[in-house]
Amino acid sequence: MRLRKRLASIGLNVLAWLLSLVVLIPFVVIVLNSFKSDAEAKVLKLTLPEKFIFENYKIVYEQGHLGGSFFNSLLHSGASSLLLVFVVAFSAFTLSRNHSKLSKFLYFFLILGITLPLNYIPLMEVMKSMGMINSHVGMILLYTAMGIPISLFITYAFVSNIPKELDEAAIMDGCNGIKLFLRIIVPLLTSVLVTVFVLNFLSVWNEFTAPLYMLNTVEMWPMTLAVYNFFGQFSAQWNLVSADIVLTSLPVLIVFLIGQKYIVGGITSGAVKG
């Protein structure tokens with residue numbers, strides 16, 4: 001019986017490694033190609049370059065104008081994620097602790113956005129009427145609004161599992177509503193709020209369609225549009241395209257590695273009660 005369990009465990013581990021290779025091999029090929037010459041990179045092979053050419057990254061940075069695009073992506077992702085964390089934490093606590101019919105209606109109305117598709121034509125008209133087309137502020141508010149449904153769903157379930165006796169004890173000790181939220185509730189929400197921040201940061205960083213519709217000038221483009229534009233100019237030079245992809249993926253990979261330990265715990269806690 002033990003032997004059978006051990007063999008099953010080994011089999012599952014081998015299967016997991018094989019599935020991981022399916023994801024890792026294309027990324028490794030891209031990284032290796034980014035250091036190759038133009039002739040070597042035209043053949044997409046999992047081989048080391050004859051000579052590591054770091055000049056590819058310098059060319060990509062200078063000709064791809066990645067400095068400005070990197071700042072734009074960082075601004076959109078970071079600011080919208082921070083704003084989303086604040087809005088979602090406050091609204092989840094308020095809606096969870098208030099059991100009126102209006103609160104329940106507002107909660108279900110907000111999370112209904114998870115299932116509804118986003119139509120960019122009327123959204124563009126709304127953004128245009130508010131003067132937020134081609135604006136950093138407009139993009140940050142748009143990304144924040146797009147992240148509210150799923151983030152509120154996760155955070156609301158987490159807040160609902162916090163015992164209300166903590167609220168009563170804090171109030172008896174002299175806390176008002178703001179102190180109760182900031183000193184008692186927010187520290188307990190650390191894992192789920194980090195999860196919300198990381199997931200939204202990754203989503204905004206990789207967003208392609210929204211900036212394509214809402215941003216008209218090259219100076220305001222994020223990294224995704226810069227890569228698209230760069231690929232159009234240098235589609236025949238796979239070493240430069242690979243270096244561009246690596247530079248674009250690196251920040252989001254770092255954010256994911258920093259916050260990954262919170263993601264599973266945050267999502268699992270949010271899935272306990274919906």
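The values are calculated or read from the model by the stated rules, or taken from the named source; none is laboratory data. Predicted, not measured: the structure shown is a model, and the values here were computed from it. Cβ: placed from backbone, ideal geometry, glycine included. Neighbour counts: every protein chain shown. The accessibility values were calculated without ligands, DNA or RNA, using every heavy atom of the protein model including side chains. Shrake-Rupley method; radii C 1.70, N 1.55, O 1.52, S 1.80 Å.
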Per residue of the stretch 178-185, what does 6.51 cos²θ - 1.76 cosθ + 1.60 with θ = phi - 60° give for ³J(HN,Hα)? Whole Hz please, x for Gly and Pro, Karplus curve as stated.
5, 5, 4, 5, 6, 8, 10, 6
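Could you tally up the Lys pairs in the stretch 32-155 with alpha carbons closer than 18 Å? Skip any pair fewer than 8 positions apart unless they're on separate chains.
Step by step, the pairs that qualify in the stretch 32-155 add up to 4.
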Just to compare against my own numbers: the Cα pair-distance distribution for the stretch 117-200, 10 Å bins, whole % per bin, please.
15, 33, 25, 19, 8, 0
Step through the residues of the stretch 216-224 one at a time and calculate ³J(HN,Hα) from phi using the Karplus curve (6.51 cos²θ - 1.76 cosθ + 1.60, θ = phi - 60°), rounding each to whole Hz and writing x for Gly and Pro.
9, 10, 5, 5, 9, 5, x, 4, 4
Compute the relative contact order of the chain as a whole-number percentage, counting only Cα pairs closer than 8 Å that sit 6 or more residues apart in sequence.
32 percent
If you roll a 1.4 Å probe over the chain with all protein chains in place, what percent of the accessible area is carbon or sulfur?
71 percent
Calculated SAXS-style log₁₀ I(q)/I(0) at q = 0.13, 0.17, 0.21, 0.22 Å⁻¹ - the stretch 8-51, Debye, Cα scatterers:
-0.39, -0.54, -0.66, -0.69
Show that you can apply the helix-only estimate: for the chain, add -39,500 (n - 2.57) for every DSSP H stretch of four or more residues, divide by all residues, and state [θ] at 222 nm to the nearest 500.
-24500 deg cm²/dmol
Using per-residue counts of other Cβ atoms within 10 Å, averaged over each peptide, order 152-158, 134-140, 104-110 from highest down.
152-158, 134-140, 104-110
If you average 1/r over every pair of different alpha-carbon atoms in the chain and take one over that average, what Kirkwood value in Å do you get?
21.8 Å
Enumerate the whole-percent occupancy of each 10 Å bin, from 0 to the last occupied one, for all C-alpha pair distances of the stretch 98-255.
9, 26, 29, 21, 11, 4, 1
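Among 9-17, 93-101, how do they line up from the highest to the lowest mean number of other beta-carbon atoms within 10 Å?
93-101, 9-17
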Please grab the % of Cα pairs in the stretch 196-254 that end up more than 20 Å from each other.
31 percent
